[in-house]
Amino acid sequence: MEYRYIGKSGLRVSVIALGTMTFGSMTDKKEAFRIMDKAYDNGINFFDTAELYPVPPDSKYAGLTEKIIGEWLKTKPRESIILASKVAGASSGWFIPPIRYGLTAMDKFHIKKAIEGSLKRLNTDYIDLYQQHWPDTIVPKEVTMEAFDELVKEGKVRYIGTSNDTAWGLTKSNEIARFKGYARFESIQNNFSILNPRFFDSLEEVCRNEQVSLLPYSPLGGGILSGKYNQKEIQQPARFLEYLKHPVKRVRVHAKKFYNEKTLKATEKFLEIAKKYQIHPVTLAIAYSKQFDFVASTIIGVRNLNQLKPHLDAANLKLNREIMKDIVKLQKEIPYPMG
């Protein structure tokens, strides 16, 4: 397993991180333990979660993923694991999270409430990387960065990061931190895959010049790049088919972003590339996402242990120039299939 540092921090993480958003909903505790054990035994030391998990978000289950991880953490030396979690973003954002009665904000009150809850559920006295799940459109970033900085000073958090953020948001937040002497965002966790190369538009430049690491999530485009949705009979369970039936409109819209005519067409061409080079599609997609120097660790996710091997195989795979040339050609033929 290869290890890299996140930003300018002292966090040395495996190039593959284990995401846990299905633990407690689509994956029960017993299977979650098996998955985490296997990942850990194969050199993965970086585990990512959030107070909002599992998905799809539901007030009945919010926090359950952290509880499962907290139980599992008792079986491992705490300092051998780099643990990341997130405070839910503001209700002024893209949706209203089903926690704290839908009144969340990236202010001191909510950030401190969130960290207290996460630490308790995770059975730990510190979190290695604490991230805002998405930015606040109302509360000033000065307030948010000060609140995060206080957590670092109190020793509850080692380093901080952002997620689902923009080039402006990341730059503005870190300039405030520099001016005020606060802890800065060392990472940004955004959607990044062959199907969604938007990060190259502006965030790549920021991360390279400011030494901020990308932690890509959805390297499989939500599972689309596995090829399962290109089959005549889609193997169940299939998350986006479930999401398309969801009563909440936001969830249905979210599904269509991943599962649409352009993503399926791009995936068809991607599967041809995988076949040409005799690489499992899952392995190829994840290897692509960790290919770049601004990436510290790519976040994977599985529902069951049987899905894990091709994800792990990507850890030591570096794509050569010919493969990358074919992928870039695909991206030019079908630009921005996720919009």
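Pull up the range 53-65, narrow it to residues that are among the aliphatic types (A, V, I, L, M) and modelled with pLDDT of 95 or more, then point me to the one that is surrounded by the fewest Cβ atoms within 10 Å (Cβ to Cβ).
Going residue by residue through the range 53-65, those that are among the aliphatic types (A, V, I, L, M) are 55, 62, 64.
Those still in the list that are modelled with pLDDT of 95 or more too: 62, 64.
Details: ALA62: 21, LEU64: 17.
In this case the residue turns out to be LEU64.
For the range 124-154, which residues satisfy the criterion of being assigned to a loop (DSSP other than H, G, I, E, B), under 22 Å from the mean Cα position of the chain (by Cα) and not hydrophobic (A, V, I, L, M, F, W, C)?
Of all residues in the range 124-154, those assigned to a loop (DSSP other than H, G, I, E, B) come to 124-126, 133-140, 154.
Of the ones still in play, those that are also under 22 Å from the mean Cα position of the chain (by Cα) are 124, 126, 133-137.
Hits for the range 124-154 are THR124, TYR126, HIS133, PRO135, ASP136, THR137.
Out of all the residues in the range 185-211, which are in contact (Cβ under 8 Å) with a residue 40 or more places away in the chain and in a loop (DSSP other than H, G, I, E, B)?
Passing the criteria: PHE192, ILE194, LEU195, PRO197, GLN211.
Given (1) of a type in the set (D, E, K, R); (2) closer than 19 Å to PHE46 by Cβ; (3) free of Cβ contacts under 8 Å to residues at least 12 places away in the same chain, identify the lone condition not met by ASP313.
(3)
LEU241 is checked against (1) at pLDDT 95 or above; (2) farther than 20 Å from GLY19 by Cα and fails just one. What number does that condition carry?
So LEU241 meets the others, but not (1).
Considering only the range 292-315, I want to know if a residue exists there that is outside any loop (DSSP other than H, G, I, E, B), among the polar types (S, T, N, Q), surrounded by 20 or more Cβ atoms within 10 Å (Cβ to Cβ) and in contact with a Lys or Arg (Cβ under 7 Å, 6 or more places away or on another chain). Steps first, please.
Start the filter on the range 292-315 by keeping residues that are outside any loop (DSSP other than H, G, I, E, B), which leaves 295, 298-300, 305-315.
Narrowing further to those that are among the polar types (S, T, N, Q): 298, 306-307.
Filter once more, keeping what is surrounded by 20 or more Cβ atoms within 10 Å (Cβ to Cβ): 298.
Next cut, in contact with a Lys or Arg (Cβ under 7 Å, 6 or more places away or on another chain) only: 298.
Yes, the conditions are met somewhere in the range 292-315.
For THR104, all conditions in the list (1) under 25 Å from GLY7 (Cα atoms); (2) surrounded by 21 or more Cβ atoms within 10 Å (Cβ to Cβ); (3) free of Cβ contacts under 8 Å to residues at least 24 places away in the same chain hold save one; what is the number of the exception?
(1)
Criterion first (within 29 Å of LYS141 (Cα to Cα) and modelled with pLDDT of 95 or more) does ALA50 satisfy it? Lay out the reasoning, then the answer.
Details: within 29 Å of LYS141 (Cα to Cα): yes; modelled with pLDDT of 95 or more: yes.
It is true that ALA50 is within 29 Å of LYS141 (Cα to Cα) and modelled with pLDDT of 95 or more.
Answer yes if at least one residue in the range 21-35 is surrounded by fewer than 21 Cβ atoms within 10 Å (Cβ to Cβ), out of contact with any His (no Cβ under 7 Å at 6 or more places or on another chain) and under 19 Å from TYR126 (Cα atoms), and no otherwise.
No.
What are the pairs with Cβ atoms under 6 angstrom where one residue, in the range 212-223, is assigned to a strand (DSSP E or B) and the other, located anywhere, is β-branched (Val, Ile, Thr)? Sequence gap at least six, or different chains.
Sorted first by the residue in the range 212-223, then by its partner, the pairs are SER213/ILE6; LEU214/ILE188; LEU214/VAL295; TYR217/ILE299.
Inside the range 293-339, can you point out the residues that are among the small types (Gly, Ala, Ser) and modelled with pLDDT of 95 or more? Break it down stepwise before answering.
Pass one, the range 293-339, residues among the small types (Gly, Ala, Ser): 296-297, 301, 314-315, 339.
ALA296, SER297, GLY301, ALA314, ALA315 - these are the residues of the range 293-339 that are among the small types (Gly, Ala, Ser) and modelled with pLDDT of 95 or more.
The values are calculated or read from the model by the stated rules, or taken from the named source; none is laboratory data. All figures in this text were calculated on a predicted structure; none of them were measured in a lab. Heads up, the Cβs are rebuilt from the backbone with ideal geometry, glycines too, and the neighbour counts pull from every protein chain shown.
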